[in-house]
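Written below as structure tokens is the structure these notes are about.
The values are calculated or read from the model by the stated rules, or taken from the named source; none is laboratory data. Note that the coordinates shown come from a computational prediction; the quantities given were computed from them, not determined experimentally. Cβ placement follows ideal geometry from the backbone for every residue including glycine, while neighbour counts extend to all protein chains displayed. For the accessible areas, the whole protein counts, side chains as well, though only heavy atoms, and no ligand, DNA or RNA atoms are used. Shrake-Rupley method; radii C 1.70, N 1.55, O 1.52, S 1.80 Å.
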Amino acid sequence: MKNNNAGIEDVLDEVLQSYPAKSMKNRKEHMLIKDQKKGKHKIKANTRTIPGIITNRGCAYAGCRGVVLGPLKDVVQLVHGPIGCSYYAWGMRRHQGVAAEGGKNFINYTFSTDMQDSDVVFGGERKLKEAIKEAVEIFNPSTIMITATCPVGLIGDDINSIARQAEAEYGITVMAFNCEGYKGVSQSAGHHIANNEIMANLVGIEDKELDYKYPINLMGEYNIGGDAFEIERILEKIGYDIVASFSGNGTADQIKYSHEADLNLVQCHRSINYIAEMFEEKYGIPWLKVNFLGVDATIKALRNMAEYFDDPELKERTEKVIAEELAQIEGPLNRYKELFEGKTAFLFVGGSRAHHYQNVFKRIGIETVVAGYEFGHRDDYEGREVIPDIEMTADDRNIPELEVTKDDKKYNMRISKAKKEELQQKMPLDYYEGMIKEMEDGSIVIDDLNHHEHIKLTEALEPDIFCSGIKDKYTSHKMGIFSKQLHSYDYSGPYAGFKGHLQFAEDIAAGILNPSWSYINPPWKDNVELAGTIGGVR
Amino acid sequence: MQDLVPKEYKERNSLVINPVKTCQPIGAMYAALGVHGALPHSHGSQGCCSYHRMHLTKHFREPVVASSSSFTEGASVFGGRANLETALKNIFAVYDPQVVAINTTCLSETIGDDIGSIINGFDVPEGKTIIHASTPSYVGSHITGFSNMVKAMIKQLSEKNEEAKTNNKLNLIPGFVDPGDIREIKRILEAMDIDYILFPDQSDVLDTPLDGNYDMYPEGGVTIPELNDTGNSQATIALGEFASADSAFELEKKHDVKPYILKSPVGIKATDELLMQLMKLTGKEVPAKIEKERGQLVDIIADTHHQFHGKKVAVYGDPDIVISLTEFVLSLGMRPVHVLTGTPDNKFEETVTEMMSDADWEYNITAGGDLFQLHQWIKNDPVDLLLGNSYGKLVARQEDIPLVRVGFPILDRSVHSYLPTIGYKGAILLVEKISGALLDRKDRDTDFELTEFVL
């Protein structure tokens, strides 16, 4: 298949055939075939989904309340709006969190103002104020985050001034997020709104003397299925100290002094790269693109980190931990590779995972033949070098940009310019290469995949495994193809680090090798010998 | 952890914590899936459609496909007409449904989009149908949304033929129940040889077999000709006052089809009432095999009464099923002490209060409540059993109380959507579940030396 791009082009043409002309033109720009000879690849991304085309995308609210804010354990997440938005953000993303000793954990609770028609007509501000008061009286949280749903912006409730008033009145942190669902074109807008607000009003509001040798922040890791637990375990074993997590298993209280870290690790580039940039601008902390999914990527990340801190003892400790962890999983992982060799995967997930999981699959013998992001931007596909060329759309302009400047009191350049340039030759420091460069020739890249394209591509390519979310999981199963959710990890995890890779391989084996697939065709369908006569002559 | 729930009550008027309801559009989407060849369409932001599809998919473990008008900020300011028109063009071209069933969201309701007029201006392809329901998220609950979409089917599709000739059929609206329940209702109707039009019908839509072929529009669902014909039926039985009654009244208003509103037939009494009503309307007998099932249920209850007698229960969930479950646990000799629905409607409290008139124990009944409230009640007056949806597991774990999962949604167990809760068969299955939960607990808590084989 690899050397037959013409065949793949026919597949894409066939996929596009069903669209009305305008939609066809639009969708054509969201797909491409990797071809090394062509040099640069250009894809359309982070633009509006065409109405009526069955997208997997969610909204800004989901990206803000669900993805970025949801994992923060010590926060009362108060959703201002009708009940649904709060209800659906309750325990559905599998971001796990264990309370720090003596700390509160609100992850299993969801809070709503349950807006009624009278609130829509007369305004919901009174109700929101009262809800804050009640939350403070019952739970006494250190932080409340108010998130806006669609009607809030339309009726003009001023959640920002209510947050400021409440903060003054109760002496706690109260933040407001204008993340109405209609903003932007996907969850990505919500990530921006959440992160900008956190950067502007939470990061750096407290100073703390930390007795840490290698203080780091973990960014863009949301602890789905416990990934952050496993990453924390490995990093702590080597000797790193995590100052704050944005935001898996994290707390708002830690984020307040997160400017005390010496390095920011960026796992999900899509959701947080701009914040990492701002940290550097404001506080002088560089960021390193890491990927803790997959053994090979994890080892690379750990070595880069040790190189950054440039301490022989740390490097030695890093190698020791790598060797220890590898020893536990390498044998079984190799056996899985033999088992899966030659199988193919179709990945449609996230703003980063469709890239991150390619090395995970490769290590166990599975080749990725289609990959796409649900809410990625062009830089997530093509690499950061494309950022200056990305055109701003009207939808981008509706999301307020945050400008930061050097904080004269707190700025501390962690490494010299020369050192940074030297390191950049060796590692993705302040850089992300994007997904496309790492993909094989002949593989398909597709943005904002929809229901129709999912079915057509599956029929044409017959992958062995389809990785996406719950909405198209069972569609894939009906077609007889095992589907693993890479948004939520179904019911399993962690998949990060070393042991996580093995856990993943085991779950893939459980899925692909499950006997059920072999029962799909009833035995009598192709058995002509079944011709008895009991009960009368046939 | 639910360790932050205090025993002490504090006044709470505006803050909802851990709801026992969600918003209208998901109910509308579920109802629409019970129409053959229908694609539900959500007129609002993408997120609503995405959330609703995800949630239904998790309950049924089946594909749930629906489209969205994908509002942006511009559409929210200038109105969603252009988005809906584009959406409909794309939907018919790419996905080719027989029916598009549009529901609104809080966004399109707040800006006041007039769906009826947008559709009137749209050139619907030959042979295709569009229906639409107004389902503002800030009114009622998902049950209200279900009711509104079913009502829209009647309002927009039911007809009466010119000669006013009856079709000799009975309309039956099953309510917000699972495909397994719908199959059971059909089995009873067929056993009684009653000709019926049942709607919405999600069986063979959300319980399809795995045969290697994906069909976006499976064989199930009530058809448009059947919905057209509902105006010619002789009567309508609506199961569940909250999910189904409005549609039955609409049929009466529109075509003078007489409505009969019954409880959701969960448990022996409510199923008896359904069968009596069917007999009364059709003159048909209850067949021996159904009567035998009833007898088996009575036999089981009599033989196992000691497991249930005097046990305290908390029942929560959607109003129709909670009402019937409350009646059923009373008939098992149990004591419902906390009865709660999230759907706001005073009729619920009246109905349950009446049901509890003989109770000589203290009890709480609330409509428009939340799980936090239920949890506080339980802290103040503990129970032996929780009966409700998956979310109760937080309370169950925190307070160490067994939970029997029934209702919507069930996200952490499977097969529920294939088996009935309604009818005598459903009641037998419920008894088995309740009994199993109570006895597993008894076995766990009994001293090992005193463990018994026969219980």
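General observations
- Of the helices (runs of 4 or more DSSP H) entirely within segment A:391-476, those holding at least 2 residues that are surrounded by fewer than 19 Cβ atoms within 10 Å (Cβ to Cβ), of a type in the set (A, V, I, L, M) and in contact with a helix residue (DSSP H, G or I) (Cβ under 8 Å, 6 or more places away or on another chain) occupy A:451-461.
- Of everything listed in (1) of a type outside the set (Asp, Glu); (2) away from chain A (no Cβ under 12 Å); (3) touching a helix residue (DSSP H, G or I) at 6+ places or on another chain (Cβ under 9 Å), the single unmet condition for residue B:120 is (3).
- Residues being of a type outside the set (Gly, Ala, Ser), under 28 Å from residue A:88 (Cα atoms) and more than 12 Å from chain B (Cβ to nearest Cβ) - total across segment A:466-502: 6
- For residue B:15, the requirement of being touching a strand residue (DSSP E or B) at 6+ places or on another chain (Cβ under 7 Å), closer than 23 Å to residue A:92 by Cα and without any contact (Cβ under 8 Å) to a residue 24 or more places away in the chain is met.
- Single residue of segment A:517-530 satisfying the filter (part of a loop (DSSP other than H, G, I, E, B) and more than 17 Å from residue A:465 (Cβ to Cβ)) that is most open to solvent (accessible area, probe 1.4 Å): A:529
- Residue within segment B:305-314 that is at pLDDT 95 or above and under 24 Å from the mean Cα position of the chain (by Cα) present: yes
- Any hit, segment B:291-314, residues being touching a helix residue (DSSP H, G or I) at 6+ places or on another chain (Cβ under 9 Å) and surrounded by 23 or more Cβ atoms within 10 Å (Cβ to Cβ): yes
- Complete set of residues in segment A:51-65 that are at negative phi and either open to solvent by 20 Å² or more (accessible area, probe 1.4 Å) or without any contact (Cβ under 8 Å) to a residue 12 or more places away in the chain (or both): A:51
- Residue in segment A:119-129 that is among the acidic types (Asp, Glu), more than 8 Å from every other protein chain (Cβ to nearest Cβ), on the phi < 0 side of the Ramachandran plot and touching a Ser or Thr at 6+ places or on another chain (Cβ under 7 Å) present: no
- With respect to (1) assigned to a strand (DSSP E or B); (2) under 22 Å from the mean Cα position of the chain (by Cα), the lone exception for residue B:353 is condition (1).
- Qualifying residue in segment A:505-516 (condition: in contact with a Pro (Cβ under 8 Å, 6 or more places away or on another chain), outside any strand (DSSP E or B) and crowded, with 21+ Cβ neighbours inside 10 Å): yes
- Counting only helices (runs of 4 or more DSSP H) wholly contained in segment B:1-81, the ones carrying 2 or more residues that are within 7 Å of another protein chain (Cβ to nearest Cβ), within 28 Å of residue A:107 (Cβ to Cβ) and open to solvent by 20 Å² or more (accessible area, probe 1.4 Å) occupy B:46-60.
- A search for C-beta distances below 6 Å between a residue of segment A:99-117 that is part of a strand (DSSP E or B) and any residue that is of a type in the set (Asp, Glu) and modelled with pLDDT of 95 or more, counting only pairs 6+ apart in sequence or on different chains, returns nothing.
- Among the residues making up segment B:368-390, those that are open to solvent by less than 20 Å² (accessible area, probe 1.4 Å) and within 20 Å of the chain's Cα centre (by Cα) are B:369, B:370, B:371, B:386, B:387, B:388, B:389, B:390.
- Once segment B:327-358 is narrowed to residues that are among the polar types (S, T, N, Q) and either free of Cβ contacts under 8 Å to residues at least 60 places away in the same chain or under 30 Å from residue B:302 (Cβ atoms) (or both), the residue that is surrounded by the fewest Cβ atoms within 10 Å (Cβ to Cβ) is B:357.
- Failed item in (1) out of contact with any Gly (no Cβ under 7 Å at 6 or more places or on another chain); (2) over 17 Å from residue A:54 (Cβ atoms), with residue A:492 passing the rest: (1)
- Unique match (being under 23 Å from residue A:67 (Cβ atoms) and buried (at least 20 other Cβ atoms within 10 Å of the Cβ)) among A:183, A:127: A:183
- Residue A:93 more than 7 Å from chain B (Cβ to nearest Cβ) and closer than 16 Å to residue A:68 by Cα: yes
- Qualifying positions in segment A:100-118 - surrounded by 20 or more Cβ atoms within 10 Å (Cβ to Cβ) and more than 8 Å from chain B (Cβ to nearest Cβ): A:107
- Applying the condition of being part of a loop (DSSP other than H, G, I, E, B) and at positive phi to segment B:404-455 and asking which residue is most open to solvent (accessible area, probe 1.4 Å) yields B:415.
- Just one residue in the set A:391, A:422, A:385 is within 30 Å of residue B:70 (Cβ to Cβ) and more than 14 Å from every other protein chain (Cβ to nearest Cβ); that residue is A:391.
- Qualifying residue in segment A:28-36 (condition: in a loop (DSSP other than H, G, I, E, B) and within 7 Å of another protein chain (Cβ to nearest Cβ)): no
- Selection within segment A:21-50 - of a type outside the set (A, V, I, L, M, F, W, C) and exposed (fewer than 15 other Cβ atoms within 10 Å of the Cβ): A:22, A:25, A:29, A:35, A:36, A:37, A:38, A:39, A:40, A:42
- For residue B:421, the stated conditions hold: it is of a type in the set (Ser, Thr, Tyr), outside the structural domain of residue B:202 (by TED's automatic domain parsing), under 20 Å from the mean Cα position of the chain (by Cα) and under 29 Å from residue B:302 (Cα atoms).
- Pairing each residue of segment A:512-538 that is touching a residue at least 12 places away in the same chain (Cβ under 8 Å) with any residue that is surrounded by 10 or more Cβ atoms within 10 Å (Cβ to Cβ) and charged (D, E, K, R), provided the two are 6+ apart or on different chains, yields C-beta distances under 9 Å for A:512/A:343; A:512/A:464; A:520/B:211.
- Filter result (over 18 Å from the mean Cα position of the chain (by Cα) and open to solvent by less than 10 Å² (accessible area, probe 1.4 Å)) within segment A:260-282: A:261, A:263, A:279
- The criterion of at least 1 residues that are open to solvent by 10 Å² or more (accessible area, probe 1.4 Å) and of a type in the set (D, E, K, R) is met by the following helices (runs of 4 or more DSSP H) wholly inside segment B:92-204: B:106-111, B:142-157, B:179-191.
- Residue among A:133, A:129, A:183, A:213 that alone is in a loop (DSSP other than H, G, I, E, B) and without any contact (Cβ under 8 Å) to a residue 40 or more places away in the chain: A:213
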